[in-house]
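The values are calculated or read from the model by the stated rules, or taken from the named source; none is laboratory data. Keep in mind that what you see is a predicted model, and the values were worked out from it rather than measured. No Cβ is skipped: glycine too gets one built from the backbone with ideal geometry, and neighbour counts run over all protein chains shown. Ligands, DNA and RNA are stripped out before the accessible areas are found, and what is left, the full protein with its side chains, is counted by its heavy atoms. Shrake-Rupley method; radii C 1.70, N 1.55, O 1.52, S 1.80 Å.
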Amino acid sequence: MSSPVSYISRDSIIHDLHPLTKMIASLWFLTLGIILNKPVYLAAILALILVCGFAASISREIFKSLKSITVFAFIIFLIQIIFYRSGEVAFYIIPGANLLPATLEGINFGISIALRMMIILLSFVILLSTTQVRDMMMVLVEKLKIPYDYAFMFVTALRFIPTFLGEVAKIQEAQRTRGYKVDGINPIKKIYSYVPIALPLVMMSLSKGELLALAMETRAYGIQNRRTYLKEWRMGRMDLILIIGMFLLIVLSIRLV
Amino acid sequence: MNNIIVAKDLTYGYERDTVVLKDINLKINKGEMIALTGKNGSGKTTLSKHFNGLLKPTKGTILVDGIDTREETVDRIALKVGYVFQNPDHQIFNDTVYKEAAFGPENQGLEGEELRKRVVHALEAVGLLEYENIYPYSLSKGQRQRLSIASVIAMNSEAIVLDEPTTGLDHRESLEIMELLKELNSEGITIIFITHDMNLVAKYGQRMIVLSQGEIIADDSPRNIFKMKKVIERAHLRVPLITELAQELEMFRDAPLDPQEFFQGLCEMRRDYANVLTS
(Lines give C-alpha, C1' and ligand atoms only; values in the text may rest on other atoms or scores of the structure.)
Protein backbone atom coordinates (compact mmCIF):
# COMPACT_ATOMS: atom_id res chain seq x y z
CA MET A 1 0.00 0.00 0.00
CA SER A 2 1.47 3.35 -0.96
CA SER A 3 0.37 6.81 0.05
CA PRO A 4 -0.50 9.24 -2.74
CA VAL A 5 2.76 11.14 -2.33
CA SER A 6 5.85 9.19 -1.50
CA TYR A 7 9.57 9.59 -2.01
CA ILE A 8 10.80 8.71 -5.48
CA SER A 9 14.45 7.80 -5.60
CA ARG A 10 16.14 9.41 -8.60
CA ASP A 11 19.47 10.93 -9.44
CA SER A 12 18.91 14.64 -9.98
CA ILE A 13 20.09 18.08 -8.94
CA ILE A 14 16.89 18.59 -6.97
CA HIS A 15 17.40 15.37 -5.03
CA ASP A 16 20.95 16.48 -4.23
CA LEU A 17 19.88 19.79 -2.75
CA HIS A 18 20.00 20.24 0.98
CA PRO A 19 16.61 19.33 2.51
CA LEU A 20 16.49 22.74 4.16
CA THR A 21 16.79 24.44 0.77
CA LYS A 22 13.89 22.42 -0.55
CA MET A 23 11.78 23.13 2.51
CA ILE A 24 12.52 26.82 2.18
CA ALA A 25 11.63 26.59 -1.52
CA SER A 26 8.27 25.04 -0.70
CA LEU A 27 7.50 27.80 1.78
CA TRP A 28 8.72 30.27 -0.81
CA PHE A 29 6.30 28.93 -3.41
CA LEU A 30 3.55 28.99 -0.80
CA THR A 31 4.29 32.63 0.07
CA LEU A 32 4.44 33.69 -3.56
CA GLY A 33 1.23 31.85 -4.27
CA ILE A 34 -0.46 33.80 -1.52
CA ILE A 35 0.94 37.30 -2.07
CA LEU A 36 0.77 37.40 -5.86
CA ASN A 37 -2.71 37.72 -7.32
CA LYS A 38 -2.33 38.39 -11.05
CA PRO A 39 -2.94 35.20 -13.07
CA VAL A 40 0.11 35.94 -15.26
CA TYR A 41 2.49 35.96 -12.30
CA LEU A 42 0.87 32.91 -10.81
CA ALA A 43 1.11 31.06 -14.12
CA ALA A 44 4.80 31.94 -14.24
CA ILE A 45 5.29 30.50 -10.76
CA LEU A 46 3.43 27.35 -11.75
CA ALA A 47 5.67 27.02 -14.79
CA LEU A 48 8.68 27.39 -12.51
CA ILE A 49 7.38 24.55 -10.35
CA LEU A 50 6.95 22.35 -13.39
CA VAL A 51 10.54 23.15 -14.38
CA CYS A 52 11.61 22.02 -10.91
CA GLY A 53 9.70 18.78 -11.43
CA PHE A 54 11.43 18.32 -14.74
CA ALA A 55 14.84 19.02 -13.19
CA ALA A 56 14.08 16.39 -10.55
CA SER A 57 13.40 13.94 -13.41
CA ILE A 58 10.02 13.09 -11.96
CA SER A 59 8.06 14.81 -14.74
CA ARG A 60 6.00 11.69 -15.40
CA GLU A 61 4.86 11.41 -11.80
CA ILE A 62 4.28 15.15 -11.56
CA PHE A 63 2.19 15.04 -14.71
CA LYS A 64 0.07 12.32 -13.16
CA SER A 65 -0.68 14.32 -10.02
CA LEU A 66 -1.08 17.44 -12.16
CA LYS A 67 -3.97 15.76 -13.94
CA SER A 68 -5.95 15.11 -10.77
CA ILE A 69 -5.04 18.48 -9.29
CA THR A 70 -6.26 20.19 -12.46
CA VAL A 71 -9.67 18.61 -12.05
CA PHE A 72 -9.91 20.01 -8.54
CA ALA A 73 -8.64 23.39 -9.69
CA PHE A 74 -11.26 23.48 -12.42
CA ILE A 75 -14.03 22.74 -9.93
CA ILE A 76 -12.78 25.55 -7.70
CA PHE A 77 -12.66 27.84 -10.72
CA LEU A 78 -16.28 27.01 -11.59
CA ILE A 79 -17.44 27.63 -8.04
CA GLN A 80 -15.69 31.01 -8.04
CA ILE A 81 -17.28 32.25 -11.24
CA ILE A 82 -20.69 31.07 -10.13
CA PHE A 83 -20.56 32.84 -6.79
CA TYR A 84 -18.57 35.93 -7.74
CA ARG A 85 -21.18 38.57 -8.44
CA SER A 86 -19.56 42.03 -8.82
CA GLY A 87 -18.04 43.45 -11.98
CA GLU A 88 -18.81 43.45 -15.67
CA VAL A 89 -20.74 40.46 -16.99
CA ALA A 90 -18.72 38.53 -19.53
CA PHE A 91 -21.20 35.78 -20.39
CA TYR A 92 -23.97 33.69 -18.93
CA ILE A 93 -23.31 30.11 -17.92
CA ILE A 94 -26.83 29.19 -19.01
CA PRO A 95 -26.99 31.49 -22.06
CA GLY A 96 -30.65 31.20 -23.14
CA ALA A 97 -32.22 32.20 -19.85
CA ASN A 98 -29.50 34.73 -18.89
CA LEU A 99 -28.92 32.77 -15.73
CA LEU A 100 -25.74 32.57 -13.63
CA PRO A 101 -23.75 35.51 -14.93
CA ALA A 102 -19.97 35.14 -15.04
CA THR A 103 -18.19 38.42 -14.47
CA LEU A 104 -14.76 39.34 -15.82
CA GLU A 105 -13.53 39.90 -12.29
CA GLY A 106 -14.97 36.58 -11.25
CA ILE A 107 -13.14 34.77 -14.05
CA ASN A 108 -9.93 36.55 -13.14
CA PHE A 109 -10.36 35.71 -9.49
CA GLY A 110 -11.31 32.10 -10.26
CA ILE A 111 -8.20 31.59 -12.36
CA SER A 112 -6.02 33.05 -9.60
CA ILE A 113 -7.53 30.85 -6.94
CA ALA A 114 -7.22 27.74 -9.11
CA LEU A 115 -3.59 28.50 -9.96
CA ARG A 116 -2.83 29.26 -6.32
CA MET A 117 -4.14 25.88 -5.28
CA MET A 118 -2.14 24.13 -7.96
CA ILE A 119 1.02 25.97 -6.91
CA ILE A 120 0.64 25.09 -3.24
CA LEU A 121 -0.19 21.44 -3.83
CA LEU A 122 2.40 20.81 -6.52
CA SER A 123 5.23 22.45 -4.62
CA PHE A 124 4.59 20.09 -1.72
CA VAL A 125 4.27 17.13 -4.03
CA ILE A 126 7.72 17.93 -5.39
CA LEU A 127 9.15 18.45 -1.91
CA LEU A 128 7.82 15.12 -0.66
CA SER A 129 8.80 13.16 -3.73
CA THR A 130 12.38 14.43 -3.76
CA THR A 131 13.12 14.56 -0.03
CA GLN A 132 12.99 11.71 2.42
CA VAL A 133 11.01 12.38 5.55
CA ARG A 134 13.87 11.36 7.81
CA ASP A 135 16.15 13.90 6.09
CA MET A 136 13.59 16.60 6.71
CA MET A 137 13.39 15.49 10.31
CA MET A 138 17.15 15.65 10.66
CA VAL A 139 17.17 19.19 9.33
CA LEU A 140 14.38 20.21 11.67
CA VAL A 141 16.31 18.85 14.62
CA GLU A 142 19.79 19.96 13.65
CA LYS A 143 19.21 23.33 12.01
CA LEU A 144 15.96 24.50 13.51
CA LYS A 145 16.57 22.98 16.97
CA ILE A 146 13.21 21.25 17.20
CA PRO A 147 13.35 18.64 20.01
CA TYR A 148 14.16 15.22 18.53
CA ASP A 149 11.26 13.57 20.36
CA TYR A 150 8.69 15.70 18.56
CA ALA A 151 10.31 15.24 15.18
CA PHE A 152 10.51 11.52 15.78
CA MET A 153 6.87 11.38 16.81
CA PHE A 154 5.85 13.14 13.61
CA VAL A 155 7.91 10.92 11.33
CA THR A 156 6.75 7.75 13.10
CA ALA A 157 3.13 8.80 12.72
CA LEU A 158 3.67 9.20 8.97
CA ARG A 159 5.51 5.91 8.75
CA PHE A 160 2.64 4.05 10.43
CA ILE A 161 -0.12 5.26 8.12
CA PRO A 162 0.34 2.45 5.56
CA THR A 163 0.66 -0.10 8.37
CA PHE A 164 -2.63 1.02 9.84
CA LEU A 165 -4.32 0.97 6.46
CA GLY A 166 -3.17 -2.65 6.16
CA GLU A 167 -4.60 -3.41 9.61
CA VAL A 168 -7.90 -1.77 8.71
CA ALA A 169 -8.13 -3.97 5.61
CA LYS A 170 -7.55 -7.09 7.70
CA ILE A 171 -10.09 -6.08 10.35
CA GLN A 172 -12.61 -5.29 7.66
CA GLU A 173 -12.14 -8.72 6.13
CA ALA A 174 -12.56 -10.37 9.52
CA GLN A 175 -15.79 -8.51 10.25
CA ARG A 176 -17.17 -9.01 6.76
CA THR A 177 -16.90 -12.77 7.18
CA ARG A 178 -19.05 -12.35 10.26
CA GLY A 179 -21.76 -10.77 8.18
CA TYR A 180 -20.85 -7.19 9.05
CA LYS A 181 -21.92 -4.38 6.72
CA VAL A 182 -21.70 -0.60 6.95
CA ASP A 183 -25.15 0.52 6.05
CA GLY A 184 -27.87 2.99 6.75
CA ILE A 185 -28.12 6.69 5.99
CA ASN A 186 -28.70 7.68 9.59
CA PRO A 187 -25.37 9.36 10.52
CA ILE A 188 -25.47 8.26 14.16
CA LYS A 189 -26.12 4.66 13.15
CA LYS A 190 -23.34 4.96 10.63
CA ILE A 191 -20.86 6.08 13.29
CA TYR A 192 -21.93 3.18 15.48
CA SER A 193 -21.49 0.76 12.62
CA TYR A 194 -17.79 1.67 12.48
CA VAL A 195 -17.21 0.44 16.03
CA PRO A 196 -16.37 -3.13 14.91
CA ILE A 197 -13.57 -1.68 12.77
CA ALA A 198 -12.39 1.12 15.03
CA LEU A 199 -12.15 -0.77 18.30
CA PRO A 200 -9.83 -3.58 17.22
CA LEU A 201 -7.72 -0.96 15.44
CA VAL A 202 -7.36 1.13 18.59
CA MET A 203 -6.50 -1.92 20.67
CA MET A 204 -3.91 -3.08 18.16
CA SER A 205 -2.43 0.42 17.86
CA LEU A 206 -2.05 0.68 21.59
CA SER A 207 -0.21 -2.60 21.85
CA LYS A 208 1.88 -1.72 18.79
CA GLY A 209 2.82 1.61 20.33
CA GLU A 210 3.81 -0.08 23.54
CA LEU A 211 5.96 -2.60 21.67
CA LEU A 212 7.59 0.14 19.63
CA ALA A 213 8.46 2.08 22.76
CA LEU A 214 10.02 -1.02 24.29
CA ALA A 215 11.94 -1.84 21.11
CA MET A 216 13.31 1.70 21.03
CA GLU A 217 14.33 1.67 24.63
CA THR A 218 16.15 -1.62 24.22
CA ARG A 219 18.13 0.09 21.48
CA ALA A 220 19.11 2.92 23.80
CA TYR A 221 16.72 5.58 22.62
CA GLY A 222 17.28 8.81 24.51
CA ILE A 223 20.49 7.75 26.20
CA GLN A 224 22.37 10.76 24.88
CA ASN A 225 21.23 14.25 24.06
CA ARG A 226 23.36 14.51 20.97
CA ARG A 227 22.76 11.99 18.28
CA THR A 228 24.48 11.32 14.98
CA TYR A 229 22.89 10.54 11.64
CA LEU A 230 23.59 8.03 8.91
CA LYS A 231 23.67 10.76 6.29
CA GLU A 232 24.94 14.24 7.13
CA TRP A 233 23.84 16.97 4.79
CA ARG A 234 26.01 19.94 3.97
CA MET A 235 24.90 23.22 2.41
CA GLY A 236 26.52 23.45 -1.03
CA ARG A 237 27.14 26.42 -3.26
CA MET A 238 23.97 25.63 -5.20
CA ASP A 239 21.92 25.76 -2.00
CA LEU A 240 23.26 29.19 -1.09
CA ILE A 241 22.67 30.57 -4.57
CA LEU A 242 19.10 29.32 -4.56
CA ILE A 243 18.30 30.63 -1.10
CA ILE A 244 19.72 34.07 -1.91
CA GLY A 245 17.89 34.04 -5.26
CA MET A 246 14.60 33.17 -3.61
CA PHE A 247 15.06 35.90 -1.04
CA LEU A 248 15.70 38.53 -3.75
CA LEU A 249 12.71 37.37 -5.81
CA ILE A 250 10.41 37.61 -2.86
CA VAL A 251 11.55 41.19 -2.19
CA LEU A 252 10.92 41.93 -5.86
CA SER A 253 7.48 40.35 -5.83
CA ILE A 254 6.42 42.35 -2.79
CA ARG A 255 7.20 45.45 -4.86
CA LEU A 256 5.15 43.99 -7.73
CA VAL A 257 2.03 43.65 -5.65
CA MET B 1 -24.81 -32.28 -3.42
CA ASN B 2 -21.74 -33.60 -1.77
CA ASN B 3 -19.12 -30.97 -2.55
CA ILE B 4 -18.94 -27.88 -0.40
CA ILE B 5 -16.18 -26.29 -2.45
CA VAL B 6 -15.38 -26.82 -6.12
CA ALA B 7 -12.62 -24.79 -7.75
CA LYS B 8 -12.14 -24.97 -11.49
CA ASP B 9 -9.03 -23.53 -13.18
CA LEU B 10 -8.93 -20.94 -10.42
CA THR B 11 -6.29 -18.30 -11.11
CA TYR B 12 -5.65 -15.24 -9.00
CA GLY B 13 -3.23 -12.31 -9.09
CA TYR B 14 -3.17 -9.36 -6.72
CA GLU B 15 -1.84 -7.17 -9.51
CA ARG B 16 -1.85 -7.54 -13.24
CA ASP B 17 1.50 -9.27 -13.69
CA THR B 18 1.88 -11.28 -10.51
CA VAL B 19 0.05 -14.59 -10.40
CA VAL B 20 -0.44 -15.95 -6.90
CA LEU B 21 -2.60 -18.94 -7.76
CA LYS B 22 -2.37 -20.86 -11.03
CA ASP B 23 -5.09 -23.13 -12.41
CA ILE B 24 -6.23 -24.59 -9.12
CA ASN B 25 -8.60 -27.53 -9.52
CA LEU B 26 -9.99 -28.74 -6.27
CA LYS B 27 -13.00 -30.50 -4.83
CA ILE B 28 -13.72 -30.51 -1.13
CA ASN B 29 -16.40 -32.84 0.15
CA LYS B 30 -18.72 -32.08 3.00
CA GLY B 31 -17.45 -33.45 6.28
CA GLU B 32 -13.76 -33.58 5.38
CA MET B 33 -10.96 -32.42 7.65
CA ILE B 34 -8.24 -30.97 5.46
CA ALA B 35 -4.80 -29.60 6.20
CA LEU B 36 -3.63 -26.91 3.79
CA THR B 37 0.15 -26.63 3.83
CA GLY B 38 3.06 -25.13 1.94
CA LYS B 39 5.90 -22.74 2.59
CA ASN B 40 5.30 -19.06 3.34
CA GLY B 41 4.14 -17.19 0.26
CA SER B 42 2.94 -20.33 -1.53
CA GLY B 43 -0.62 -19.02 -1.73
CA LYS B 44 -2.29 -20.86 1.16
CA THR B 45 -4.01 -17.84 2.64
CA THR B 46 -4.93 -16.49 -0.79
CA LEU B 47 -6.54 -19.78 -1.73
CA SER B 48 -8.36 -20.07 1.58
CA LYS B 49 -9.80 -16.57 1.19
CA HIS B 50 -11.46 -17.78 -2.00
CA PHE B 51 -13.38 -20.36 -0.02
CA ASN B 52 -15.75 -17.74 1.39
CA GLY B 53 -15.60 -15.08 -1.28
CA LEU B 54 -13.22 -12.67 0.46
CA LEU B 55 -11.23 -12.89 -2.76
CA LYS B 56 -12.72 -13.57 -6.14
CA PRO B 57 -10.79 -15.44 -8.82
CA THR B 58 -9.39 -13.37 -11.69
CA LYS B 59 -9.86 -16.40 -13.95
CA GLY B 60 -11.77 -19.64 -13.50
CA THR B 61 -14.55 -20.25 -11.03
CA ILE B 62 -15.11 -21.35 -7.48
CA LEU B 63 -18.40 -22.71 -6.29
CA VAL B 64 -19.26 -22.69 -2.59
CA ASP B 65 -22.12 -25.11 -1.99
CA GLY B 66 -23.09 -24.62 -5.61
CA ILE B 67 -22.94 -20.82 -5.51
CA ASP B 68 -20.48 -18.91 -7.69
CA THR B 69 -18.67 -16.59 -5.27
CA ARG B 70 -18.54 -13.83 -7.85
CA GLU B 71 -22.31 -13.56 -7.75
CA GLU B 72 -22.75 -13.32 -3.98
CA THR B 73 -21.51 -11.02 -1.24
CA VAL B 74 -19.18 -12.22 1.49
CA ASP B 75 -21.76 -11.96 4.25
CA ARG B 76 -24.07 -14.35 2.37
CA ILE B 77 -21.32 -16.86 1.67
CA ALA B 78 -20.21 -16.60 5.30
CA LEU B 79 -23.36 -18.53 6.15
CA LYS B 80 -21.85 -21.48 4.31
CA VAL B 81 -18.17 -21.07 5.12
CA GLY B 82 -16.88 -19.35 8.23
CA TYR B 83 -13.34 -18.00 8.42
CA VAL B 84 -11.13 -17.78 11.48
CA PHE B 85 -8.27 -15.34 10.96
CA GLN B 86 -4.74 -15.84 12.17
CA ASN B 87 -4.92 -13.05 14.71
CA PRO B 88 -8.06 -13.07 16.89
CA ASP B 89 -7.39 -9.45 17.85
CA HIS B 90 -8.40 -8.37 14.36
CA GLN B 91 -12.02 -8.98 15.19
CA ILE B 92 -12.62 -8.61 18.92
CA PHE B 93 -14.41 -5.38 19.79
CA ASN B 94 -17.16 -6.16 22.26
CA ASP B 95 -16.98 -5.73 26.03
CA THR B 96 -18.06 -9.25 26.89
CA VAL B 97 -17.25 -12.68 25.52
CA TYR B 98 -20.95 -13.34 25.04
CA LYS B 99 -21.55 -10.23 22.93
CA GLU B 100 -18.51 -11.02 20.84
CA ALA B 101 -19.81 -14.47 19.96
CA ALA B 102 -23.26 -13.04 19.30
CA PHE B 103 -22.09 -10.51 16.70
CA GLY B 104 -22.23 -12.89 13.73
CA PRO B 105 -25.68 -14.39 14.41
CA GLU B 106 -27.00 -10.88 15.15
CA ASN B 107 -25.86 -9.83 11.71
CA GLN B 108 -27.77 -12.82 10.38
CA GLY B 109 -30.89 -11.44 12.00
CA LEU B 110 -31.27 -13.89 14.86
CA GLU B 111 -32.85 -12.74 18.10
CA GLY B 112 -34.35 -13.86 21.38
CA GLU B 113 -34.16 -17.42 22.53
CA GLU B 114 -32.72 -18.75 19.30
CA LEU B 115 -29.82 -16.30 19.42
CA ARG B 116 -29.15 -17.16 23.05
CA LYS B 117 -29.19 -20.88 22.25
CA ARG B 118 -26.75 -20.53 19.37
CA VAL B 119 -24.28 -18.43 21.35
CA VAL B 120 -24.44 -20.65 24.41
CA HIS B 121 -23.88 -23.71 22.23
CA ALA B 122 -20.89 -22.07 20.54
CA LEU B 123 -19.31 -20.92 23.80
CA GLU B 124 -19.92 -24.32 25.34
CA ALA B 125 -18.25 -26.02 22.40
CA VAL B 126 -15.06 -24.01 22.89
CA GLY B 127 -15.23 -24.21 26.67
CA LEU B 128 -15.70 -20.50 27.29
CA LEU B 129 -19.24 -20.48 28.62
CA GLU B 130 -18.09 -19.76 32.17
CA TYR B 131 -16.34 -16.60 30.88
CA GLU B 132 -19.38 -15.24 29.05
CA ASN B 133 -19.47 -11.99 31.03
CA ILE B 134 -15.75 -11.37 30.99
CA TYR B 135 -13.95 -8.71 28.98
CA PRO B 136 -12.47 -10.53 25.94
CA TYR B 137 -9.07 -8.82 26.09
CA SER B 138 -8.47 -10.26 29.54
CA LEU B 139 -8.51 -13.78 28.08
CA SER B 140 -5.30 -15.58 27.13
CA LYS B 141 -4.22 -15.80 23.51
CA GLY B 142 -5.44 -19.39 23.25
CA GLN B 143 -8.77 -18.44 24.77
CA ARG B 144 -9.13 -15.47 22.41
CA GLN B 145 -8.42 -17.83 19.51
CA ARG B 146 -11.14 -20.13 20.79
CA LEU B 147 -13.48 -17.16 21.13
CA SER B 148 -12.95 -16.29 17.48
CA ILE B 149 -13.75 -19.90 16.61
CA ALA B 150 -16.87 -19.69 18.77
CA SER B 151 -17.99 -16.57 16.94
CA VAL B 152 -17.80 -18.55 13.70
CA ILE B 153 -19.50 -21.65 15.17
CA ALA B 154 -22.33 -19.42 16.33
CA MET B 155 -23.02 -18.56 12.69
CA ASN B 156 -23.86 -22.22 12.02
CA SER B 157 -21.60 -22.44 8.97
CA GLU B 158 -21.28 -25.75 7.17
CA ALA B 159 -17.55 -25.36 6.85
CA ILE B 160 -14.89 -23.50 8.79
CA VAL B 161 -11.59 -22.30 7.36
CA LEU B 162 -8.85 -21.55 9.87
CA ASP B 163 -5.67 -19.65 8.97
CA GLU B 164 -2.90 -21.00 11.21
CA PRO B 165 -5.13 -21.43 14.24
CA THR B 166 -2.29 -22.63 16.47
CA THR B 167 0.33 -19.98 15.72
CA GLY B 168 1.64 -18.43 18.91
CA LEU B 169 -0.05 -20.98 21.14
CA ASP B 170 1.72 -23.38 23.45
CA HIS B 171 1.54 -27.13 22.93
CA ARG B 172 -1.42 -27.64 25.25
CA GLU B 173 -3.42 -24.78 23.77
CA SER B 174 -2.70 -26.05 20.25
CA LEU B 175 -3.95 -29.50 21.10
CA GLU B 176 -7.08 -28.06 22.71
CA ILE B 177 -7.86 -26.12 19.55
CA MET B 178 -7.25 -29.15 17.34
CA GLU B 179 -9.34 -31.45 19.54
CA LEU B 180 -12.11 -28.88 19.33
CA LEU B 181 -11.88 -28.89 15.53
CA LYS B 182 -11.95 -32.68 15.48
CA GLU B 183 -15.06 -32.59 17.65
CA LEU B 184 -16.76 -30.12 15.31
CA ASN B 185 -15.74 -32.25 12.35
CA SER B 186 -17.36 -35.29 13.93
CA GLU B 187 -20.59 -33.25 14.09
CA GLY B 188 -20.42 -32.96 10.31
CA ILE B 189 -18.72 -29.57 9.88
CA THR B 190 -16.10 -29.43 7.15
CA ILE B 191 -12.79 -28.20 8.56
CA ILE B 192 -9.98 -26.70 6.47
CA PHE B 193 -6.97 -25.61 8.48
CA ILE B 194 -3.75 -23.96 7.34
CA THR B 195 -0.69 -25.00 9.29
CA HIS B 196 3.07 -25.48 9.22
CA ASP B 197 3.03 -28.06 11.97
CA MET B 198 3.42 -31.52 10.42
CA ASN B 199 2.69 -33.23 13.72
CA LEU B 200 -0.75 -31.66 13.72
CA VAL B 201 -1.22 -32.61 10.07
CA ALA B 202 -0.25 -36.21 10.82
CA LYS B 203 -2.58 -36.37 13.77
CA TYR B 204 -5.61 -34.45 12.53
CA GLY B 205 -5.50 -34.18 8.76
CA GLN B 206 -7.57 -36.75 6.92
CA ARG B 207 -6.46 -35.16 3.71
CA MET B 208 -3.50 -32.92 3.02
CA ILE B 209 -3.13 -30.36 0.25
CA VAL B 210 0.34 -29.02 -0.50
CA LEU B 211 0.76 -25.72 -2.31
CA SER B 212 3.93 -24.49 -3.93
CA GLN B 213 4.24 -21.28 -5.92
CA GLY B 214 0.51 -21.05 -6.35
CA GLU B 215 -0.03 -24.59 -7.56
CA ILE B 216 -1.28 -27.72 -5.85
CA ILE B 217 1.65 -30.11 -5.97
CA ALA B 218 0.12 -32.85 -3.84
CA ASP B 219 -3.36 -33.73 -2.65
CA ASP B 220 -3.53 -37.00 -0.71
CA SER B 221 -3.50 -38.43 2.79
CA PRO B 222 -0.65 -37.19 5.00
CA ARG B 223 0.66 -40.77 5.16
CA ASN B 224 1.09 -40.93 1.40
CA ILE B 225 2.43 -37.40 1.02
CA PHE B 226 5.06 -37.94 3.72
CA LYS B 227 6.55 -40.56 1.40
CA MET B 228 6.90 -38.10 -1.48
CA LYS B 229 10.41 -36.82 -0.81
CA LYS B 230 10.34 -34.33 -3.68
CA VAL B 231 7.07 -32.75 -2.62
CA ILE B 232 8.25 -32.44 0.97
CA GLU B 233 11.49 -30.85 -0.22
CA ARG B 234 9.80 -28.45 -2.62
CA ALA B 235 7.26 -27.24 -0.09
CA HIS B 236 9.91 -26.66 2.63
CA LEU B 237 8.12 -29.11 4.87
CA ARG B 238 9.60 -31.55 7.32
CA VAL B 239 7.82 -34.76 8.13
CA PRO B 240 7.36 -35.61 11.85
CA LEU B 241 10.62 -36.74 13.44
CA ILE B 242 9.29 -40.20 14.25
CA THR B 243 8.28 -40.68 10.61
CA GLU B 244 11.66 -39.44 9.43
CA LEU B 245 13.43 -41.82 11.79
CA ALA B 246 11.35 -44.74 10.55
CA GLN B 247 12.03 -43.76 6.94
CA GLU B 248 15.78 -43.64 7.65
CA LEU B 249 15.69 -47.04 9.34
CA GLU B 250 14.02 -48.57 6.26
CA MET B 251 12.60 -51.34 8.42
CA PHE B 252 8.93 -50.42 8.30
CA ARG B 253 6.52 -51.45 5.59
CA ASP B 254 4.51 -48.28 6.14
CA ALA B 255 6.23 -45.34 7.83
CA PRO B 256 4.47 -44.59 11.15
CA LEU B 257 2.98 -41.16 11.81
CA ASP B 258 3.29 -41.11 15.59
CA PRO B 259 5.16 -42.89 18.40
CA GLN B 260 2.28 -45.29 18.97
CA GLU B 261 2.36 -46.52 15.38
CA PHE B 262 6.13 -46.72 15.62
CA PHE B 263 5.83 -48.92 18.68
CA GLN B 264 3.20 -51.11 17.02
CA GLY B 265 5.47 -51.50 14.02
CA LEU B 266 8.32 -52.60 16.28
CA CYS B 267 6.08 -55.12 18.01
CA GLU B 268 5.03 -56.58 14.68
CA MET B 269 8.63 -56.85 13.60
CA ARG B 270 9.54 -58.67 16.80
CA ARG B 271 6.64 -61.07 16.35
CA ASP B 272 7.69 -61.76 12.76
CA TYR B 273 11.26 -62.31 13.90
CA ALA B 274 10.13 -64.71 16.64
CA ASN B 275 8.04 -66.61 14.09
CA VAL B 276 11.05 -66.91 11.82
CA LEU B 277 13.16 -68.25 14.71
CA THR B 278 10.60 -70.81 15.85
CA SER B 279 9.81 -72.16 12.37
State yes or no: is B:LYS141 within 14 Å of chain A (Cβ to nearest Cβ), modelled with pLDDT of 90 or more and surrounded by fewer than 23 Cβ atoms within 10 Å (Cβ to Cβ)?
no
Candidates A:LEU211, A:LEU144, filtered to the one that is part of a helix (DSSP H, G or I) and open to solvent by 60 Å² or more (accessible area, probe 1.4 Å):
A:LEU211
Could you check the stretch B:73-95 and list, in sequence order, the residues that are acidic (Asp, Glu) and facing chain A (nearest Cβ under 8 Å)?
B:ASP75, B:ASP89
Hits in the stretch A:235-257 (condition: under 25 Å from the mean Cα position of the chain (by Cα) and of a type in the set (D, E, K, R)):
A:ASP239
Given the criterion out of contact with any helix residue (DSSP H, G or I) (no Cβ under 6 Å at 6 or more places or on another chain), within 19 Å of A:LEU115 (Cα to Cα) and surrounded by 15 or more Cβ atoms within 10 Å (Cβ to Cβ), identify the matching residue among A:ALA47, A:ALA25.
A:ALA25
Check A:TYR192 against each of (1) over 29 Å from B:LEU162 (Cβ atoms); (2) away from chain B (no Cβ under 14 Å) and name the one condition it does not meet.
(2)
Considering B:PHE93, B:PHE51, B:PHE85, which residue is under 21 Å from A:TYR192 (Cα atoms) and open to solvent by less than 30 Å² (accessible area, probe 1.4 Å)?
B:PHE93
Would you be able to say whether some residue in the stretch A:168-188 is more than 10 Å from every other protein chain (Cβ to nearest Cβ), within 22 Å of B:PRO105 (Cα to Cα) and in contact with an Asp or Glu (Cβ under 8 Å, 6 or more places away or on another chain)?
no
Any idea which of (1) within 14 Å of chain A (Cβ to nearest Cβ); (2) open to solvent by 60 Å² or more (accessible area, probe 1.4 Å) is the one B:SER148 doesn't satisfy?
(2)
What is the residue count in the stretch A:165-191 for residues that are open to solvent by 50 Å² or more (accessible area, probe 1.4 Å) and closer than 17 Å to B:ALA102 by Cα?
2
Does B:ASN107 meet the test of being open to solvent by 40 Å² or more (accessible area, probe 1.4 Å), at pLDDT 90 or above and within 11 Å of chain A (Cβ to nearest Cβ)?
no
Does A:SER112 count as in contact (Cβ under 8 Å) with a residue 24 or more places away in the chain, open to solvent by less than 30 Å² (accessible area, probe 1.4 Å) and in contact with a Phe, Trp or Tyr (Cβ under 7 Å, 6 or more places away or on another chain)?
no
Residue check: is A:ILE197 assigned to a loop (DSSP other than H, G, I, E, B) and more than 7 Å from chain B (Cβ to nearest Cβ)?
no
